[in-house]
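**Q** So that we are looking at the same thing, I have put the structure below in structure tokens.
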Amino acid sequence: MKKKSSKLVVALMIVVVLFTTIALTLKDVLNDVNLGLDLQGGFEVLYQVEPLEEGDTIDDNAVRSTASTLDSRVNVLGVSEPNIQIEDNNRIRVQLAGVEDQQEARELLSTQAELTIRDIDDNVLLSGKDLVQGGASQGYDEMNNAMVSLELRDSNKFKEVTEEISKRPPGENLMVIWMDFVEGEDSFAQEVQKENPKFISAPTVSQPINSTDVMISGGFDGQEGVERAQNISSLLNSGSLPVKLDEVYSTSVGAQFGEQALDETVTAGLIGVGLVFLFMLAFYRLPGLVAVITLTVYIFLTIAGFNAISGMLTLPGIAALILGVGMAVDANIILYERLKDELRIGRSLKQAYKKAAASSLWTIVDANLTTLIAAIVLFIFGTSSVKGFATMLLLSILMSFVTAVFLTRVIMSLIVQSNYANDKKGWFGVNKKQIHNIAEGKDIEDLSSPWDRFDFVKHANKFFVMSGIIVAAGLVILFVFKLNLGIDFTSGTRADIVTDGNVTVEQVESELETLGIPPENLTMSGEDTIVARYGTDLPQEDVTAMQSHFNELYGSDPMISTVSPVIGQELVQNAIIALIIASIGIIIYASIRFEWRMALPAVIALMHDVFVILAVFSIFRIEVDITIIAAVLTVVGYSINDTIVTMDRIRENNRKIKVIRSEEEINVIINRSLRQTATRSINTILTVLIVVVFLVLFGATSIFNFSLALLIGLVSGVYSSFFIAIQLWGVLKRRQLRKSGGEIVVYSEKSKNDDKVLV
């Protein structure tokens, strides 16, 4: 057969163009990545918008106005790309990545910014309504001391006020200037006795002043005073908040903590992905090389796509990107395993590739769509870093389909059509001794496999019993020990304190007691991180003191998270709702594409996997935090992925039988389908586990629980697909056979163009 060099040249040109584009743009793409708080430091706070006075109502306009005011204040800080979002239930989420002075930022955001001028008896003389909007500025007086300049609306009113004050006796002729005076709590008489009073200034008025300009000086000494004057003028110009803001959730991450987490997770991920590449090359050879090419393009396109939608990359987001490699690998493995089977029965390379490409396409689509359901649910019900994870997972699914399906098939098709590999079937991972002559008339189900000696159906009851024992033991364990819920679900404060590695828990406890904030619980996490937990929200002054103290002591700000009880309750509710909706969605999809007898066992297997994760976490007292939601739904996606691939093979084998007349035929279908897909299932899970194991061993401590949950769930997912989901389908099918009178039509000629199995 004539070799077509042009096809091979086109394939090489595609690869060269792709990698040249990556090489030329990779630096810019990586520089454009918008790192989240956990990767560059900063803080995130969720405000509950409450009315200033009892009886007032909060409407959408008030919330939008508040968000706009917060945005104006953030601009004063010079934070690059702040993220301010309005959420349900009158909440505003503010994310400031890379902000240097987190305490200053928090004060600037939450300050009411209502300026009042009062007498020494705290009676209001002038308020913010008397100021010209945007008329505040920071300047310097004749002695070069910082001051704040204000512009008033009415000079006559100011003259009247100053005239009244000037008539008072010395010591009482003071005009006290306040920011955010709280009725019933603040008073001049108390504050004047303090070293650092709350009021801004209390100048003496000796004569009436007929002017619209007011100069506030005094109390602005040194560089800190200049910054304070700048903040006051900026707050006044941004406008007072029309509402009260209550913090219900906050996370504070030091820059060094974020940088370390980024380095550890990226390094672990790169090593894991590198080993996946080596595995694909060793096992699939030429197709494996194509997979390495397309997977590299997948990673690049996913990051570029994430930048295009202005996504914020978090640690779970990196994990989603790396795990997406596993899904992209799976799409390649499904195609390559079918190609190997077609070559083994004696087809030519062109015939084998055409047949494999056609038969594997819908399997890949089904597997990806079920994972997509879990990702969409996660995006809808997730918050903060979990939503970032879901965004990356959704993008990963899309890009894996573009590269692992479209690009892989374009390159493979060109290689096959070039005719260069026609007599080199060994390049496709097929042993010559395994290849039959097409004249023998062998079909794929006649091929031998390493799994032929396994009778999966014969031992089904044993696995049912074992799973029953696991579930029963898990229920007892959960009832006795319960889950070790983190502050995400229980409320309170958590501080991750990074040390130099030579510090004991007792030493950190002593330091916290010295600060006057002894923890309720203190544990070691990794080699150099100690976690302090508090059952209540720590006041901001305690958080600031803790950050300053440990930064000075160990050179790194602790990562501090605070969650209110209402947020913890909502997270639990959202997690349960997300799991229920994802399960219903999968049941509906699987029922349409297959049959309900496949859909129901698939979801039972999912619940089994979720339960195993929770039971293991309960036994070893591992903390359950918000990232576990992402891990659980990812496991749901992967588990259903594996089950769907086997069910798709069952559907194909059903079509060959057309009519089931005995329980033995059902057993044969199950064993045959599992044997045919076992290599694919093992290879896929191995490639994902390689990455996850490296994330567990070498990734950041802040996603250790997330990675561990994935590891447990993925192993359980393979087990449940083989020994629970498919075996339960067999139980339901045998029951259907007995009720139908001994015959089930699973496929008929009139439905040969329909993908749905008929029952």
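The values are calculated or read from the model by the stated rules, or taken from the named source; none is laboratory data. Just so it is clear, the structure is predicted and the values come from calculations on it, not from any experiment. With ideal geometry, Cβ positions are generated from the backbone for all residues, glycine too; neighbour counts draw on all protein chains shown. For accessibility, only protein heavy atoms count, side chains too; no ligands or nucleic acids. Shrake-Rupley method; radii C 1.70, N 1.55, O 1.52, S 1.80 Å.
**Q** Once you put a point 7 Å from the Cα of S413 and another 7 Å from the Cα of F454, both along the Cβ direction, what distance in nm separates them?
**A** A separation of 3.4 nm, rounded to one decimal place.
**Q** Could you work out how far apart the two model spin labels at H436 and S525 are, taking each label as a point 7 Å from the Cα in the direction of the beta carbon, and quote it in nm?
**A** Calculated label separation equals 5.6 nm.
**Q** Here is a further query. If packing is taken as the average count of other Cβ atoms within 10 Å, what order do 24-37, 639-652, 495-508 fall into, highest mean first? Display every interim value, and only then the final one.
**A** Working: 24-37: 14.9, 639-652: 26.2, 495-508: 17.0.
Put in order of decreasing packing, that is 639-652, 495-508, 24-37.
**Q** Provide the gained length on full extension for the span I581 to I86, in nm with one decimal, where the gain is 0.36 nm per separating residue minus the Cα-Cα distance. Walk me through the intermediate numbers first.
**A** Values: separation 495, 0.36 × 495 = 178.20 nm, distance 2.43 nm.
Additional length available on full extension: 175.8 nm.
**Q** Where a ≥ b ≥ c are the square roots of the eigenvalues of the C-alpha gyration tensor, would you call region 138-213 rounded, which needs a/c under 1.5, or, failing that, prolate if a/b is larger than b/c, or oblate?
**A** Working: a/c = 1.57, a/b = 1.21, b/c = 1.30.
Oblate, because a/c is 1.5 or more while a/b does not exceed b/c.
**Q** Quick one: what are the phi-derived ³J(HN,Hα) couplings along region 509-523, Karplus 6.51/-1.76/1.60 with θ = phi - 60°, whole Hz, x for glycine and proline?
**A** Ordered by residue, 3J(HN,Hα) equals 4, 5, 5, 5, 5, 5, 6, x, 10, x, x, 6, 8, 9, 9 Hz.
**Q** Along region 394-407, what does the Karplus equation 6.51 cos²θ - 1.76 cosθ + 1.60 (θ = phi - 60°) give for ³J(HN,Hα), rounded to whole Hz, x for Gly and Pro?
**A** My calculation for region 394-407 gives 4, 5, 4, 4, 4, 5, 5, 5, 5, 8, 6, 9, 6, 5 Hz in order.
**Q** If the convex hull of the alpha-carbon atoms of region 84-184 is projected onto planes in all directions, what is the mean projected area in square nanometres? Please report the intermediate quantities before stating the final value.
**A** Values: hull surface 41.2 nm².
Averaging across all directions leaves 10.3 nm² for the Cα convex hull.
**Q** Once you have the Cα-Cα distance between A282 and T536, take 0.36 nm times their residue separation minus that, and quote the gain in nm to one decimal.
**A** Working: separation 254, 0.36 × 254 = 91.44 nm, distance 5.42 nm.
Working it through step by step, the gained length comes to 86.0 nm.
**Q** If you bin the C-alpha pair distances of region 371-448 every 10 Å from 0, what whole percents do you get?
**A** Binned Cα distances yield the sequence 15, 24, 22, 19, 16, 4, 0.
**Q** Check which residues have an amide H placed less than 5 Å from T529's amide H, if you skip close sequence neighbours.
**A** Excluding prolines and chain starts, which carry no amide H, the hits are T499.
**Q** FRET efficiency for M466 and F620, Cβ-Cβ distance as r, R0 = 25 Å, nearest 0.05? Walk me through the numbers before you get to the answer.
**A** Working: r = 20 Å, r/R0 = 0.82.
Taking R0 as 25 Å, the efficiency between M466 and F620 is 0.75.
**Q** Could you calculate the contour length gain from N502 to T21, that is, 0.36 nm times the residue separation minus the distance between their Cα atoms, to one decimal place in nm? All intermediate terms of the calculation are to be shown ahead of the outcome.
**A** Values: separation 481, 0.36 × 481 = 173.16 nm, distance 4.63 nm.
So the extension gain works out to 168.5 nm.
**Q** If you fit an axis through the alpha-carbon atoms of helix 726-739 and take the longest principal axis of the Cα set of the chain, what angle between them do you get, 0 to 90°, nearest 10?
**A** 60 degrees
**Q** Run the quick spin-label model on E552 and A358: label points 7 Å from Cα toward the beta carbon, then report their separation in nm to one decimal.
**A** For E552 paired with A358, the spin-label model returns 7.6 nm.
**Q** Here's another thing I want to ask about it. Rounded to the nearest 0.05, what FRET efficiency do V226 and T514 have when you use their Cβ-Cβ distance and R0 = 41 Å? Spell out each step's value before the answer.
**A** Values: r = 32 Å, r/R0 = 0.79.
After rounding, the FRET efficiency stands at 0.80.
**Q** Taking a quarter of the surface of the convex hull around the Cα atoms of the chain, what do you get in nm²?
**A** Values: hull surface 164.4 nm².
For the chain, the mean projected area of the Cα convex hull comes to 41.1 nm².
**Q** Note the per residue figure in Å³ for the convex hull of the C-alpha positions in region 331-426.
**A** Details: hull volume 8.2 nm³, N = 96.
Hull volume over Cα atoms, normalised by residue count, gives 86 Å³.
**Q** Also, quick follow-up: Can you tell me the order of 668-677, 418-427 when each peptide is scored by its average per-residue count of other Cβ atoms within 10 angstrom, highest first? Numbers along the way, then the final one.
**A** Numbers: 668-677: 21.9, 418-427: 15.3.
The packing order, highest mean first, is 668-677, 418-427.
**Q** Oh, and also: Just the C-alpha atoms of region 548-685: what Rg/Rh do they give, with Rh taken as the Kirkwood radius?
**A** Working: Rg = 21.5 Å, Rh = 18.3 Å.
Reported Rg/Rh, Kirkwood definition of Rh: 1.17.
**Q** Continuing with this model, one more query. Just from its helices, what would the mean residue ellipticity at 222 nm be for the chain, if runs of 4 or more DSSP H residues each count -39500 (n - 2.57) and the sum is divided by every residue, rounded to the nearest 500 deg cm²/dmol?
**A** It comes out at -19500 deg cm²/dmol, rounded to the nearest 500.
**Q** Also, I was wondering about something else. Name the long-range amide H neighbours of L125: under 5 Å, sequence gap of 5 or more, or other chain; modelled H, no Pro or chain starts.
**A** So L125 has HN proximity to I117, R118, D119.
**Q** Here's a follow-up. Could you please report the charge total around R738, scoring K, R as +1 and D, E as -1 over all other residues with beta-carbon less than 14 angstrom from its beta-carbon? Don't skip to the end; give the middle numbers.
**A** Numbers: positive: R597, R661, K733, R734, R735, K739; negative: E663, E664, E665, E743.
The answer is +2.
**Q** Taking θ as phi - 60°, what are the ³J(HN,Hα) couplings along region 575-591 by the Karplus curve (6.51, -1.76, 1.60), each to the nearest whole Hz, with x for Gly and Pro?
**A** The phi angles translate into 4, 5, 4, 4, 5, 5, 5, 4, 5, 4, x, 5, 4, 5, 5, 5, 5 Hz.
**Q** Turning to a different aspect of this structure: Given the peptides 691-704, 320-333, arrange them by the average over their residues of other C-beta atoms within 10 Å, most packed first.
**A** On the way: 691-704: 22.5, 320-333: 27.2.
The peptides rank, most packed first, as 320-333, 691-704.
**Q** Something else: Where does helix 460-481 land angle-wise versus the long Cα axis of the chain, in degrees 0 to 90, nearest 10?
**A** The angle comes out at about 20 degrees.
**Q** Over 25 Å, how big is the tail of the calculated P(r) for region 630-759, in percent of all Cα pairs? Each step should come with its number before you reach the end.
**A** Values: 3170 of 8385 pairs.
Summing the P(r) tail past 25 Å for region 630-759 gives 38 percent.
**Q** Now, a different point. Going through the cross-link list K7/K658; K433/K462; K340/K739; K350/K432, which pairs have a Cα-Cα distance over 29 Å in this structure?
**A** Details: K7/K658 40 Å; K433/K462 36 Å; K340/K739 40 Å; K350/K432 17 Å.
Beyond 29 Å: K7/K658; K433/K462; K340/K739.
**Q** To one decimal place, what Kirkwood hydrodynamic radius in Å is obtained for region 656-724 from all pairs of distinct Cα atoms?
**A** Hydrodynamic radius (Kirkwood, Cα pairs) of region 656-724 is 14.2 Å.
**Q** If R₀ is 41 angstrom, what is the calculated FRET efficiency for the pair Y140 and N61, using the beta carbon separation as r and rounding to 0.05?
**A** It comes to 0.55.
**Q** Another question, then. Can you give me the orientation-averaged projected area of the convex hull built on the Cα atoms of region 22-76, in nm²?
**A** 6.4 nm²
**Q** Write down Rg/Rh for region 274-341, rounded to two decimals, with Rg from the C-alpha atoms and Rh from the Kirkwood relation over Cα pairs.
**A** On the way: Rg = 13.4 Å, Rh = 12.8 Å.
Taking Rh as the inverse mean 1/r over Cα pairs, Rg/Rh reads 1.05.
**Q** Which links in K27/K424; K157/K198; K482/K733 stretch past 32 Å when you go from one Cα to the other? Working shown, then result.
**A** Values: K27/K424 39 Å; K157/K198 26 Å; K482/K733 37 Å.
Exceeds cut-off: K27/K424; K482/K733.
**Q** Taking all protein chains as present, what is the carbon and sulfur share of the accessible area of the chain, in % to the nearest whole number, probe 1.4 Å? Write out the running numbers ahead of the final one.
**A** On the way: 18690 of 33310 Å².
Percent of accessible area from carbon and sulfur atoms in the chain: 56.
**Q** While we're looking at this one, here's another question. So how compact is region 338-389: Cα radius of gyration and Dmax in angstrom?
**A** 18.0, 53
**Q** Tell me the relative contact order for the chain as a rounded percent, counting alpha carbon contacts under 8 Å between residues six or more apart.
**A** Working: 1271 pairs, mean separation 114.7, N = 759.
Taking the mean separation of contacting Cα pairs over the length of the chain, I get 15 percent.
**Q** Given +1 on the Cβ of Lys and Arg, -1 on the Cβ of Asp and Glu, and no further charges, what dipole in debye does region 499-573 carry about its Cα centre, rounded to the nearest 20?
**A** 220 debye
**Q** If you don't mind, another one. Could you state the accessible area per residue of the chain in Å², with a 1.4 Å probe and every protein chain left in place? Write out the running numbers ahead of the final one.
**A** Numbers: 33310 Å² over 759 residues.
Ligands and nucleic acids excluded, the result is 44 Å² per residue.
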